[in-house]
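Accompanying notes for the structure given below.
The values are calculated or read from the model by the stated rules, or taken from the named source; none is laboratory data. Bear in mind the structure is a predicted one, so any value in this text is a computation, not a measurement. Methodologically, a virtual Cβ is constructed for each residue, glycine included, from the backbone with ideal geometry; neighbour enumeration extends over all protein chains shown.
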Amino acid sequence: MKDREVTRQNALSDADLVADCRQRVGQARLDLTDLQAEGVTAADLDGFDTAITEFEKMPSDEVLEYTRVALRETRDAAHEAGRIALRDVLNPVRRAYGDTSPQLKRFGAARLADASVPDVLGLLADAPTTATPYLTDPKTVQEGFNQARLAALPTAHDALRQAQKNFLDADQTREEGTRARTQAYNALDTRCANLCARGHDHYQARNATKASAYVRDPAPVADGTSESKPAGA
């Protein structure tokens, strides 16, 4: 079963969330003597600072996507190179025996232009065995079939297999990285909201100015307006 998609619980950008969290930690350090009554400790704030820094070091979605796209382009180029290597083998057979001949059909490559990556990998793996007899077939030899065409198949197969692996690994890395970054984002947001709730609760009836320092900036809501987020909202 596919993991449930993780979504961000706040509309702040990554940079804005980091700035917001650092601002709250800085304020809480100034107010630490008072906030100890709400269970806030220096160790808590140090841990929060560390979590913020770790989040900043995580690769962004843009970086992960760029890597994935670059490797997909490499895979696509290897995919086409595999088709070309197969055509170089098939064309002399086609010219020698015809498009509908059993000699050509035995390769199983009638729809090569539409063949997927797994299909092309399978054809590249099977074609050397299928094509070997044509090295000594006068008709195919006369049409240009030779060892060089056959030898290109394993090379194309290995290149495509590696390129496909690299792309799939990058695809998985992006998915896992995006999920991890979203989870870290939500953890920071929750932690920031909790710290603000403690500060706001402590000062609400004691010092309105101090309490306002723990009200988070307005954030978008469903109807397109904005609302303040006091305390742990």
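The table for this structure:
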quantity: Residue in segment 93-111 that is in contact with a helix residue (DSSP H, G or I) (Cβ under 9 Å, 6 or more places away or on another chain), within 30 Å of ARG68 (Cα to Cα) and modelled with pLDDT of 95 or more present; calculated: no
quantity: Scope segment 56-93; condition of a type in the set (A, V, I, L, M) and farther than 18 Å from THR130 by Cβ; matching residues; calculated: MET58, VAL63, LEU64, VAL69, ALA70, LEU71, ALA77, ALA78, ALA81
quantity: Extreme residue, nearest to the chain's Cα centre (by Cα), among residues of segment 97-126 that are charged (D, E, K, R) and farther than 15 Å from GLN164 by Cα; calculated: ASP114
quantity: Residue in segment 86-95 that is in a loop (DSSP other than H, G, I, E, B) and either of a type in the set (D, E, K, R) or surrounded by fewer than 18 Cβ atoms within 10 Å (Cβ to Cβ) (or both) present; calculated: no
quantity: Which numbered condition ALA148 fails, given (1) closer than 15 Å to ARG87 by Cβ; (2) buried (at least 16 other Cβ atoms within 10 Å of the Cβ); calculated: (2)
quantity: Selection count where residues are in contact with a His (Cβ under 9 Å, 6 or more places away or on another chain) and either under 30 Å from GLU176 (Cβ atoms) or surrounded by 14 or more Cβ atoms within 10 Å (Cβ to Cβ) (or both), scope segment 1-39; calculated: 4
quantity: VAL69 modelled with pLDDT of 95 or more and outside any helix (DSSP H, G or I); calculated: no
quantity: Every residue from segment 112-137 that is modelled with pLDDT of 95 or more, of a type outside the set (S, T, N, Q) and exposed (fewer than 13 other Cβ atoms within 10 Å of the Cβ); calculated: PRO118, PRO133
quantity: Pairs where the first residue, in segment 29-56, is on the phi > 0 side of the Ramachandran plot and among the small types (Gly, Ala, Ser) and the second is part of a helix (DSSP H, G or I) and surrounded by 11 or more Cβ atoms within 10 Å (Cβ to Cβ), C-beta under 9 Å, 6+ apart; calculated: GLY39/ARG198
quantity: Flag for THR67 being loosely packed, with under 13 Cβ neighbours inside 10 Å and of a type in the set (S, T, N, Q); calculated: no
quantity: Selection count where residues are at pLDDT below 95, among the β-branched types (Val, Ile, Thr) and part of a helix (DSSP H, G or I), scope segment 183-223; calculated: 1
quantity: LEU153 being surrounded by 18 or more Cβ atoms within 10 Å (Cβ to Cβ) and touching a residue at least 12 places away in the same chain (Cβ under 8 Å); calculated: yes
